[in-house]
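Trainee: Got a structure here, written out as structure tokens. Questions coming.
The values are calculated or read from the model by the stated rules, or taken from the named source; none is laboratory data. Owing to the predicted nature of the structure, the values given are computational and were not obtained by experimental measurement. Heads up, the Cβs are rebuilt from the backbone with ideal geometry, glycines too, and the neighbour counts pull from every protein chain shown. For accessibility, only protein heavy atoms count, side chains too; no ligands or nucleic acids. Shrake-Rupley method; radii C 1.70, N 1.55, O 1.52, S 1.80 Å.
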Amino acid sequence: MNDNTSFAFHERKDMDGAMPGVSFLLPIEFDLAATFLAAVTGAWAASRRGYDLVGVCVLAFAASVGGGLLRDSVFVMQIPVVMQNSGYLWAIFTAVLVGVLTFRYAERFVDLFAYTDALAIGVYGVYGANRALIAGLPPEGAIVVGLCNAVGGGLIRDILVREEPIMFKPGQLYTLAAFSGVVVFVVLSHIYGLQTQRAAWIAIFVTALLRLLAIRFNWTTHAVRTWTG
């Protein structure tokens, strides 16, 4: 089912009243922007590890489209959009150049990596949830897809550089920030019928704000074994 067919199917459902909510697929520029930001973080991570150009490109690719490949091939069961639009590869190529040129500046500003990643997961989360809703998944399923889209690339990036994935260990809110943004988007757009782009911007703002506040005020999660201690 291509994007046009999926859109038409969902629009008919809306008119019949069987499936309220989202009837508009977010512009691909949302996904391209997140791809660029995530690829930059991948390039920075690879540069920090001392990888060569091939390593930088591979890590940038995995970090940026890993979640999208998971979203399309496993959950939505469509041909991955990254394989249908050359804009993704150009976004990654540009991000590699930017990442290599700005690596030293990123090292000087300790939180720049986290800030960039916060924007990326916010955009990825709402775009993934939006595609899931358009494909006909229920709200609960769309939340799962959006969350996987948001954190999937970062998970692959951390595994490839042999670091403990940030989403697994106690620390400043990361997965919870992405989850909150996805829930806000699904509730506003699917349940309350808010215009899709407006709901997306609100959800991205919520994700980025929670992540940045967690960094600023050191809001952290704690290991489960300490809960009863």
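Trainee: Of all residues in the stretch 38-71, how many are open to solvent by less than 40 Å² (accessible area, probe 1.4 Å) and under 13 Å from the mean Cα position of the chain (by Cα)?
Mentor: From the stretch 38-71, those open to solvent by less than 40 Å² (accessible area, probe 1.4 Å) are 38-47, 55-56, 59-60, 62-68, 71; that's our starting set.
From what's left, under 13 Å from the mean Cα position of the chain (by Cα): 38-39, 41, 62-68, 71.
Of the residues in that region, 11 qualify.
Trainee: I'm trying to understand the selection: among the residues of the stretch 157-185, which are closer than 17 Å to Tyr124 by Cα, in a helix (DSSP H, G or I), modelled with pLDDT under 90 and open to solvent by 20 Å² or more (accessible area, probe 1.4 Å)?
Mentor: Thr175
Trainee: So, one more: When the stretch 186-220 is examined, which residues are found to be open to solvent by less than 50 Å² (accessible area, probe 1.4 Å) and either hydroxyl-bearing (Ser, Thr, Tyr) or farther than 22 Å from Gly146 by Cα (or both)?
Mentor: Within the stretch 186-220, Ser189, Thr196, Thr207, Ile215 qualify.
Trainee: OK, next. Any residue in the stretch 210-229 that is small (Gly, Ala, Ser), free of Cβ contacts under 8 Å to residues at least 12 places away in the same chain and part of a loop (DSSP other than H, G, I, E, B)? So that I can check it myself, show each step before the final result.
Mentor: First, pick out the residues of the stretch 210-229 that are small (Gly, Ala, Ser): 214, 223, 229.
Then keep just the ones that are free of Cβ contacts under 8 Å to residues at least 12 places away in the same chain; that gives 229.
Then drop every residue that is not part of a loop (DSSP other than H, G, I, E, B), which leaves 229.
Looking through the stretch 210-229, at least one residue is small (Gly, Ala, Ser), free of Cβ contacts under 8 Å to residues at least 12 places away in the same chain and part of a loop (DSSP other than H, G, I, E, B).
Trainee: It is to be established whether one or more residues within the stretch 56-76 are touching a Phe, Trp or Tyr at 6+ places or on another chain (Cβ under 6 Å), part of a helix (DSSP H, G or I) and of a type in the set (Ser, Thr, Tyr).
Mentor: No, the conditions are met nowhere in the stretch 56-76.
Trainee: Shifting gears a bit: Residues in the stretch 61-74: is at least one at pLDDT 90 or above and aromatic (Phe, Trp, Tyr)?
Mentor: Yes, the stretch 61-74 has at least one match.
Trainee: What's the number of the condition Glu140 fails, among (1) assigned to a loop (DSSP other than H, G, I, E, B); (2) closer than 26 Å to Asp72 by Cβ?
Mentor: Status for Glu140: all satisfied but (1).
Trainee: Next up: Condition first: surrounded by 15 or more Cβ atoms within 10 Å (Cβ to Cβ) and either under 14 Å from the mean Cα position of the chain (by Cα) or not in a helix (DSSP H, G or I) (or both). Now tell me which residues in the stretch 93-114 satisfy that.
Mentor: Result: Ala114, single match.
Trainee: When you scan the stretch 121-135, do you find a residue that is in contact (Cβ under 8 Å) with a residue 24 or more places away in the chain, surrounded by fewer than 24 Cβ atoms within 10 Å (Cβ to Cβ), out of contact with any Ser or Thr (no Cβ under 6 Å at 6 or more places or on another chain) and closer than 15 Å to Arg211 by Cα, even just one?
Mentor: no
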